[in-house]
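Let me begin by presenting the structure, written as structure tokens, before commenting on it.
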Amino acid sequence: METDEDVEAIAHLAALVESADLAILSQSPEGVILSWNRAAERLYGYTADEVVGRPVTVIVPPERRAEWETLLSRVRRSESIHQFETVRLTKGGARIP
């Protein structure tokens with residue numbers, strides 16, 4: 001059961017994520033987008049309403065899908081990914097390193 005302190009802490013963290021200047025999104029273990037902050041909207045061009053509930057591959061270039069599958073399988077095995085550089089796609093098709 002959540003306490004008032006728990007609810008307050010969750011609301012505080014949600015406000016931090018939403019107001020961050022960095023794009024922050026979360027996904028399920030299956031790769032479905034669960035959350036998408038305003039900075040992600042600005043960077044990728046999709047609103048949260050457009051992408052929450054969709055596969056994260058909406059921002060993964062086709063030639064990088066195997067790479068994404070490998071990362072996802074590592075996360076499912078609880079492996080740490082310390083540093084990783086890749087390319088993602090905006091709504092307009094621009095590539096973001």
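The values are calculated or read from the model by the stated rules, or taken from the named source; none is laboratory data. Bear in mind the structure is a predicted one, so any value in this text is a computation, not a measurement. Backbone-built Cβ (ideal geometry, glycine too); neighbour counts: all protein chains shown. To get the accessible areas, we keep the full protein, side chains included, count just its heavy atoms, and leave off ligands, DNA and RNA. Shrake-Rupley method; radii C 1.70, N 1.55, O 1.52, S 1.80 Å.
Where the second residue is open to solvent by 70 Å² or more (accessible area, probe 1.4 Å) and not polar (S, T, N, Q) and the first is without any contact (Cβ under 8 Å) to a residue 60 or more places away in the chain and under 13 Å from residue 31 (Cβ atoms) and lies in the range 65-81, which pairs have Cβ atoms under 8 Å and are six or more apart or on separate chains? What qualifies is 71/84; 72/29; 75/29; 76/29.
Answer yes or no as to whether residue 30 is surrounded by fewer than 17 Cβ atoms within 10 Å (Cβ to Cβ), at pLDDT below 90 and in a loop (DSSP other than H, G, I, E, B). Against the criterion (surrounded by fewer than 17 Cβ atoms within 10 Å (Cβ to Cβ), at pLDDT below 90 and in a loop (DSSP other than H, G, I, E, B)), residue 30 qualifies. Scanning for something within 13 Å of the chain's Cα centre (by Cα) and exposed (fewer than 12 other Cβ atoms within 10 Å of the Cβ), does the range 81-95 turn up at least one residue? Scanning the range 81-95, I find no residue that is within 13 Å of the chain's Cα centre (by Cα) and exposed (fewer than 12 other Cβ atoms within 10 Å of the Cβ), so the answer is no. Pick from the range 37-49 the residues that are part of a helix (DSSP H, G or I), open to solvent by less than 30 Å² (accessible area, probe 1.4 Å) and not hydroxyl-bearing (Ser, Thr, Tyr): which of them is farthest from residue 17 (Cα to Cα)? Looking at residues that are part of a helix (DSSP H, G or I), open to solvent by less than 30 Å² (accessible area, probe 1.4 Å) and not hydroxyl-bearing (Ser, Thr, Tyr), I get 48.
When residue 23 is tested against (1) at pLDDT 95 or above; (2) small (Gly, Ala, Ser); (3) in a loop (DSSP other than H, G, I, E, B), only condition (1) is not met.
Scanning the range 1-20 for residues that are part of a loop (DSSP other than H, G, I, E, B), surrounded by fewer than 10 Cβ atoms within 10 Å (Cβ to Cβ) and not hydroxyl-bearing (Ser, Thr, Tyr) returns 1, 2.
Residue-by-condition table, conditions (1) in contact with a helix residue (DSSP H, G or I) (Cβ under 7 Å, 6 or more places away or on another chain); (2) aliphatic (A, V, I, L, M); (3) open to solvent by 40 Å² or more (accessible area, probe 1.4 Å):
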{"site": "34", "(1), (2), (3)": "no, yes, yes"}
{"site": "51", "(1), (2), (3)": "yes, yes, no"}
{"site": "59", "(1), (2), (3)": "yes, yes, no"}
{"site": "66", "(1), (2), (3)": "no, yes, yes"}
{"site": "72", "(1), (2), (3)": "no, yes, no"}
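Scanning the range 40-69 for residues that are over 17 Å from residue 87 (Cα atoms) and either hydrophobic (A, V, I, L, M, F, W, C) or touching a Cys at 6+ places or on another chain (Cβ under 8 Å) (or both) turns up 48, 51, 52.
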